[in-house]
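Before any comments, here is the structure.
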10 protein chains.
Amino acid sequence: MLHHIPALLSPELLKTLAEMGHGDEIVVGDANFPAHALGQRVHRMDGISATEAAKAILHLLPLDSFVEANAHVMQVVGDATASPPIFAEFQALVDAADNPAPIARLERFAFYERARKAFAVVQTGEFRLYGNLILTKGVIGAAP
Amino acid sequence: MLHHIPALLSPELLKTLAEMGHGDEIVVGDANFPAHALGQRVHRMDGISATEAAKAILHLLPLDSFVEANAHVMQVVGDATASPPIFAEFQALVDAADNPAPIARLERFAFYERARKAFAVVQTGEFRLYGNLILTKGVIGAAP
Amino acid sequence: MLHHIPALLSPELLKTLAEMGHGDEIVVGDANFPAHALGQRVHRMDGISATEAAKAILHLLPLDSFVEANAHVMQVVGDATASPPIFAEFQALVDAADNPAPIARLERFAFYERARKAFAVVQTGEFRLYGNLILTKGVIGAAP
Amino acid sequence: MLHHIPALLSPELLKTLAEMGHGDEIVVGDANFPAHALGQRVHRMDGISATEAAKAILHLLPLDSFVEANAHVMQVVGDATASPPIFAEFQALVDAADNPAPIARLERFAFYERARKAFAVVQTGEFRLYGNLILTKGVIGAAP
Amino acid sequence: MLHHIPALLSPELLKTLAEMGHGDEIVVGDANFPAHALGQRVHRMDGISATEAAKAILHLLPLDSFVEANAHVMQVVGDATASPPIFAEFQALVDAADNPAPIARLERFAFYERARKAFAVVQTGEFRLYGNLILTKGVIGAAP
Amino acid sequence: MLHHIPALLSPELLKTLAEMGHGDEIVVGDANFPAHALGQRVHRMDGISATEAAKAILHLLPLDSFVEANAHVMQVVGDATASPPIFAEFQALVDAADNPAPIARLERFAFYERARKAFAVVQTGEFRLYGNLILTKGVIGAAP
Amino acid sequence: MLHHIPALLSPELLKTLAEMGHGDEIVVGDANFPAHALGQRVHRMDGISATEAAKAILHLLPLDSFVEANAHVMQVVGDATASPPIFAEFQALVDAADNPAPIARLERFAFYERARKAFAVVQTGEFRLYGNLILTKGVIGAAP
Amino acid sequence: MLHHIPALLSPELLKTLAEMGHGDEIVVGDANFPAHALGQRVHRMDGISATEAAKAILHLLPLDSFVEANAHVMQVVGDATASPPIFAEFQALVDAADNPAPIARLERFAFYERARKAFAVVQTGEFRLYGNLILTKGVIGAAP
Amino acid sequence: MLHHIPALLSPELLKTLAEMGHGDEIVVGDANFPAHALGQRVHRMDGISATEAAKAILHLLPLDSFVEANAHVMQVVGDATASPPIFAEFQALVDAADNPAPIARLERFAFYERARKAFAVVQTGEFRLYGNLILTKGVIGAAP
Amino acid sequence: MLHHIPALLSPELLKTLAEMGHGDEIVVGDANFPAHALGQRVHRMDGISATEAAKAILHLLPLDSFVEANAHVMQVVGDATASPPIFAEFQALVDAADNPAPIARLERFAFYERARKAFAVVQTGEFRLYGNLILTKGVIGAAP
C-alpha cells in the first residue's frame, strides 16, 4: 500500500500506467472480454467492476485533450444507438476527470481492433453487458 | 469466466491451486503483508478482502485431514490470546469447508517463516488488522 | 486435485481455459494432429480420448451463443458428407452443453488454418479418425 | 505418435527418460502427490493411473542392477507392514521388467526427501491410496 | 539409453520426433547444410552420416501415406537427372519403411525453402555430396 | 506522467514501492554506492540527489511505526558521532513524514549487510559524502 | 561513477550509445512522450530535462556529417514555423558539438514514425512543450 | 586457448563460424559500422583491425566456390571505382584462402541490406575508411 | 564445417572448449553416464565412442602440466586394480597429446563428485564399460 | 565509437565499469585464466594484452583510496618474491592513475577465490605469464 494511490491498482498496473505516454490507450474489459487474445499487456482485476477499475485508473491518468474523443465504448450489437446503463456511469467518471468529453462508440470488431493496438488491457470482473471502455492518455504540463 | 469456478480467482491462481499437492500451503495475506519479499509465487488480489479470497479458495481447495491444524492465523503482537473479529470470520469459513478444525495461531515471525516455505502467497486488499491466513491442502479421494 | 474441477484437466490447461474470452477458440486434436506446428499454446493429453477431453473441457467452458456454429469438426477428405461415428459423440457432448447447436464442418486445410489462429490446441491420444474438434467460447452472464 | 513408443508418454517425458543416466531416479506420484513442490522436473499425466504410467515407463527404462532395491513405494502411515493392493500391481510390473527385484518401502517423509533429489516426478491421476513409486534407472550394455 | 530407441537419437531429437504430427517434415542435412540459418529447430548429429541418421529416424517415424512423395532429395545442380549413389541408399531406407514410395527431387533453392518451413532440421556429419533428405511424417492408426 | 505521483519516480521504481510490504526496506544510495553488487533489485536515479530521491519516495511510502528506528544512515568511518550536513536533511524529510523518529546509524559494513537483504536499492547521483539512507516501510490502515 | 563520463548517463544508456553505429539515431523524449509504445530500447531519465540529457549525450556522441540534418525536432502542431524557446537551446547544444548543422523539423506523426525506427529512446522528465529531439550518430576517424 | 585456433577468435565467434553452412555470410565491420542495428548475431572485436579479424576468420572458414564473388566490400560513396588501400589488403587475404576470387563491390545501402540478412556481423576496431568485408562460406568436402 | 577443427565437435562444444581455462576440467562420459544429473554444461555426442570423442577434444585441448595427473578414469567397482581395455586406449590418446602423463583412477562416487564440479560433461554413445574420462586443461604459452 | 572513451572497451564492459561501486573489484585475466569458471560477469578481450586492457580501464576507473592496496597480482608459484617484467608494467599503470599505491600479491588460489567474488572478470589475450591483475574501484567526489 502506498499513500495517494488507489488500493485497487496492482504494482504491475501502476507501472503500466506510468509507462504510457501521450496518445497511448488502455482498455478496461469486462469479465468476458478476450483480453489475453487481444492485449499486448494484460492486467487482471478479477472481482472488480469496470466502473471501480475505471475510477481508480482515472484518479491517476490524465485524459487526452488533443483528440475529439478520449474515451470509447463498444456499441451494442444490432442497435447502434442503444445506451446500456453502464454507459452513463462511464460518462460520469469521464465528466469528473480532467478533460471531460462525450464518450464515443465503436462497432464491436472495430473495438477489438483498437484493443489489439492499445498499450494494455485490464480484465475486470464486470458482469454487466458492454462493460468495456478505452481511455486515451493525455499530457501533464507541470511536474507533480 | 468458467462454469463452477469462483469469478474472483485469476487464471494464474487457479493454476497454482491445481498444482498444489497434499501438505502444500497457501497464504492469504492482507494489504500490508510483505508478499513479494516472502513468497515463492505471489498472486495479487488487490481490492478483494481476505475473507472473500479465502472463501473462493476454499470452494476449490480441500483442507488437510492428516494434521491437527489445517489453518493458521497470525497471533496478535503482544497479546497472544486476543481474537480480532476477522479470526471468527476465518473460522466460520473453515467450519463450512470439508475438514473443519480449529484454526491455530503462529507468532508473527514464525508466521513469516512459514509463509517463506509456502507454495504461494496471495496478496489481498484486506485492510483489517491480522487479516492473514495459511491454509494446508488435503487430499481428494475420488475423481471429480 | 480440486473440488468441482474435472481431474483430466492439467493446471496449465485450466489456466488457458480461464484466460480465454468471448469468441476465443480451443482445438481438441487427435493423436496425429500437428499440434506443435500449428498451435499458439499446446497442451498435451496423451492417453486421453478426444471425447473424454472435450467432455471435461465442456464441463467448464460456456459455448458461444452469438454465432451460428460454436463447434467445428474436420470434414472427411474426399467425402464431405461422410459422418464417422465420433461426430455423433461430439454432437452429443455439445447437445448436453449450455448452448447446443449443430456442429459445422471444415475442409482439412481450412481446419488447420483455423487451428493456427485458435487460442490453444489440446493434443489428445485419440486414435479414431477425424477425432478433431474446435470449440468457441461463449459468455457467462453472472458471477459464479 | 511414433513406432515402438508407448502412446502415453509425452514428448517432454520421453526426453527426460532419455536424459536420465545410471542411478538417476524418477517418481510416479498419485493424484494428490505434491509434485510441483518437490520435483526438479515435473511431468503431468492427468487422467492416467500410476500403474499405466509405470508400465509405459518400464517399457523403455532399464532398472538398476547395481543396487539391492531399484524400486520404492511409500510405506503406509502408521502401519509399516500394510500392503495396499496397488503394491502388488507395482511389483508385478517390476517383475516383468529387465532386473526384477523386491520393491522396498520408505517412510512418508523419507519418500518425499528422495523425491526432492530425483531426476523427475511424474504426476499421474491415480486416485488409489499410496499410488506412488520411485524407479532407479539401470544401464544398457549394447547399442539398440 | 532406453530400450527400443536407437542410440543415435538424442533426447531433444526424440522429443522433436514425438511432437511432430501428420504432415510435419524433418530435414536430414549434410555437413555443409545451412541448418542454423534455415531451421526452426536444429539438432546436431556431428560425426553421424545422413544414412545412419535417416535409418534411426525412420525406425520411429511413420511416413505419410496421404501424399504422392513422402521423401525428397536435393536435385543435382546443373544436372536434374543425375543420381549420386547416396540417392539409392536413401531410397533403400524408405523402401524398408512403412509407406515406401519413390523419393522425389527438389531444385536446390526450392529444397531450402521447404527446409525453412520444416518442423526441424538435423545437421549430420555427412560428407558425401547431396546427402540431404526431407521426410514427411504420417499417421499411426492404433495405440502402440 | 501521472497525477499525484512525483515525477522523479520511474515506472519500475513505482512498482517496487507498491510491492513492498510491512517491514521491507529500501536503500537510497549515493553516486559511489555499490548498488549492483549488493542490491536484489536496483533502480537508477542518475543525476538526482539522495535527498530529492528520498523526498519523492517518502511522498508515497509509509514509515514503519512498529520499530524504534525506521530510517538508518551510514556512520562516518572513524568518527561514529560525526554528523555530515546531509544527516540533518534526511532527518528533516523523516520528520515531515507520517511516523517521524530519530534516524539511527549503522557502521559501514553493517549498512552494506542490511542493503544486501533490503527489498531494493536506489542508486542516485548524490555526490555528498555519506548520502545513503535505508527506509523501513510501514502499514496503511485504510484504503486510499 | 567513472572519469570522463557525464554523471547523468546510466550504465545501460552508456552501453546503448556505444553500440550505436554510423547513421543510428537516438530520441530524447519529453515527460509525456510515448517512449515505451514506440521505442525499441527505452532508457528512463526521470527528473532530468531534455536539454541536460542532450548535453550529456552530445558530450560522447559524434554527430553525423554525411547528412544534411543530424538533428530533428517535432514541429509545433498547427504552426509549422513556430519556434518554442527550447528549440534554440537544442540548436545551441548542436552548435557546440562536433558537426554543427541547423536542426530540421518533422511533423508530429513523422517524428513518431522515425522514433519507432530509432536505435533507442530516452524518456526524460522534460516538462516544456516540444522538448523532443532526434540525434543521428556520426563517425569517429581515429582511435580515442 | 586451444591448439590450431587463432587466438583472436572468441568462443562465441567460434561457435558462430561452426554453425554457418554453405552460402551463409559473415560481415566484418569497421569501428563505425552499425552492427547492433543491422546484425542478427553480433560479435565484438574491439581493438582489432578488420584485416586481422578477416585473416583469423579465413584461417578456419572455407570460401564459397559456387558463386562468382565470395567476398564483397562497400563501394566508396560518390566514387564507385575508387580503391582505398584496405581493399588490396582484403584481396590479398582472399587470394591466400582456399577459393580465391576477385572481391566484388556493393553500394553502401545494398551492403547494409546484405548485412541485415547475413548470419552474423563482427564489429572490429578498424579505423580505416571502408574497412568492411562480407565473406560467403563454402563447403568442405572431407572430414578434417 | 571449418578447416583445422575435428568434424566431431559441435559448435556448442567448441565454444565450451574455448571458454575453459587453466585447471578447468571436462568429462567424457559413456552412454549410461548420468550426465544431465551431474553436469553444469552437458554436450551430447550420441553415436560417438568415448575414444573418438577424447581424440577430437585432445586435438584442440592442451593438457595441464602443473598437476601430477591431468586425466582420470573411473576405477572398476570392487576391483581397484583392474584395467579394462579402454583404459589403455585412453592412455594412448593422452600419450600422443602435449603433456603425456599416467592416467589416475578415481573411485566411482569420487568420480561423480569431480564431474559435478567440472566445467562440462560430454555424453558419448560409448557402450564399453568404464568408458569415462576426465581431462584437465593446461596452458598455451604463445599465440596460435 | 564515442568521444572520450577508449576504443578497446566494449559497450558491455563500459556498462559493467559504470555499474561498479566503491570497493567493487574487476579482474584482468590472461589468455589462460579460467574466467568463465570463476567470473560472475565475464568480458572477452581476445587479442588484447593485459596491459592494454588495464590501461583502458584505468582511464575511466578511479582506484580506491580507502584501502592499503587497490591492485593485486598473482604471486609466482613457488617463488613468492619473483617479479616477472609485467609486474613493473602494471605498477607503472597504477602509478599513473589517480590513487597510486604499491601493488600487492596474492597466492594463486587466494587470487582465484578473490576473482570468484569480484564484480567482473575480463579475459584478455595476454600470453605473458602472470598477466593477471585485480583492481579495486574507488570513489569520485564531484560530478564529471
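The values are calculated or read from the model by the stated rules, or taken from the named source; none is laboratory data. Bear in mind the structure is a predicted one, so any value in this text is a computation, not a measurement. Cβ atoms come from the backbone with ideal geometry, glycine included; neighbour counts cover every protein chain shown. Accessible surface areas use protein heavy atoms only, side chains included; no ligands, DNA or RNA. Shrake-Rupley method; radii C 1.70, N 1.55, O 1.52, S 1.80 Å.
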**Message:** For a quick check, take a GNM of chain C with Cα springs below 10 Å and name the residue from C:100, C:11, C:62 with the largest mean-square fluctuation.
**Reply:** C:11
**Message:** Can you compute the helix-only [θ] at 222 nm over chain D? Use -39500 (n - 2.57) per DSSP H run of at least 4 residues, normalise by all residues, nearest 500 deg cm²/dmol.
**Reply:** -9000 deg cm²/dmol
**Size of electric dipole in segment D:1-52: Cβ of Lys, Arg +1 and of Asp, Glu -1, about Cα centre, debye, nearest 20** = 120 debye
**Message:** Restricting to bridges with both residues inside chain J, how much of the DSSP beta-bridge set is antiparallel, in percent to the nearest 5?
**Reply:** 40 percent
**Prompt:** Using 7 Å Cα-to-Cβ label points, what is the residue E:66/residue F:66 separation (nm, one decimal)?
**Reply:** 6.2 nm
**Request:** Sort out for me the Cα centre separation of segment C:3-51 from segment F:1-53, rounded to whole Å.
**Result:** 42 Å
**Complete:** Using the Kirkwood formula on alpha carbons, the hydrodynamic radius of segment B:70-124 in angstrom works out to 12.2 Å
**Complete:** Amide H contacts under 5 Å for residue E:44, restricted to residues at least 5 apart in sequence or on another chain and with H modeled in the peptide plane, are E:123
**Asked** In segment D:1-76, which trypsin sites (Lys or Arg not before Pro) fall in coil by DSSP and have 15 or fewer other Cβ atoms within 10 Å?
**Response** none
**Asked** When only DSSP loop residues count, what GluC sites (Glu not before Pro) in segment I:39-118 have their Cβ near at most 11 other Cβ atoms within 10 Å?
**Response** I:68
**Asked** With Cβ to Cβ distances under 12 Å as the rule, what net charge do the other residues near residue B:126 carry (K, R +1; D, E -1)?
**Response** -3
**Request:** Heavy atoms only, probe 1.4 Å: what % of the accessible area of segment D:83-126 goes to carbon and sulfur, would you let me know?
**Result:** 59 percent
**Message:** Net charge within 11 Å of residue B:70 by Cβ-Cβ distance, Lys/Arg positive one each and Asp/Glu negative one each, not counting residue B:70 itself?
**Reply:** -3
**Message:** To the nearest hundred square angstrom, how large is the accessible surface buried between B and C, total for both chains, probe 1.4 angstrom?
**Reply:** 2200 Å²
**Prompt:** With chain F treated as a Gaussian network of Cα nodes joined by springs under 10 Å, which of F:16, F:51, F:124 yields the largest mean-square fluctuation?
**Reply:** F:16
**For residue E:105, distant residues with modelled amide H under 5 Å away** = E:73
**Prompt:** Chain B: which residue's Cβ hugs the B-to-J rotation axis most tightly, distance rounded to whole Å?
**Reply:** B:40, 13
**Fill in**
Any residue on another chain or 5+ positions along whose placed amide H is under 5 Å from the amide H of residue G:130 is listed here as none
**Complete:** The relative contact order of chain E, taking Cα pairs under 8 Å that sit 6 or more residues apart, comes to a percentage of 45 percent
**Message:** If you restrict to DSSP beta bridges whose two residues both lie in the protein assembly as shown, what percentage is antiparallel, to the nearest 5?
**Reply:** 40 percent
**Message:** Within chain B, which whole H helices from DSSP have a Cα span along their axis of at least 18 Å and a mean Kyte-Doolittle hydropathy of -1.0 or more, if any?
**Reply:** none
**Request:** Taking just the C-alpha trace of the protein assembly as shown, give me its Rg and Dmax in Å.
**Result:** 33.8, 93
**Request:** Please compute the net charge surrounding residue I:113, taking Lys and Arg as +1 and Asp and Glu as -1 over other residues with Cβ under 13 Å from its Cβ.
**Result:** +2
**Message:** If every alpha-carbon in segment B:94-144 counts as one equal scatterer, what log10 I(q)/I(0) does Debye give at q = 0.18 1/Å?
**Reply:** -0.79
**Request:** Any lysines with Cα under 26 Å of the residue C:55 Cα? List them, leaving off those in the same chain fewer than 8 positions away.
**Result:** B:15, C:15, C:117, C:137
**Fill in**
The value for chain D (convex hull of the alpha-carbon atoms, volume per residue, Å³) is 103 Å³
**Request:** Mind giving me the nanometre distance, one decimal, between the label points for residue H:40 and residue B:88, set 7 Å out from Cα along Cα→Cβ?
**Result:** 7.0 nm
**Complete:** A correct Karplus calculation of ³J(HN,Hα) over segment D:134-141, with 6.51 cos²θ - 1.76 cosθ + 1.60, θ = phi - 60°, whole Hz and x for Gly and Pro, returns 10, 10, 10, 6, x, 10, 10, x
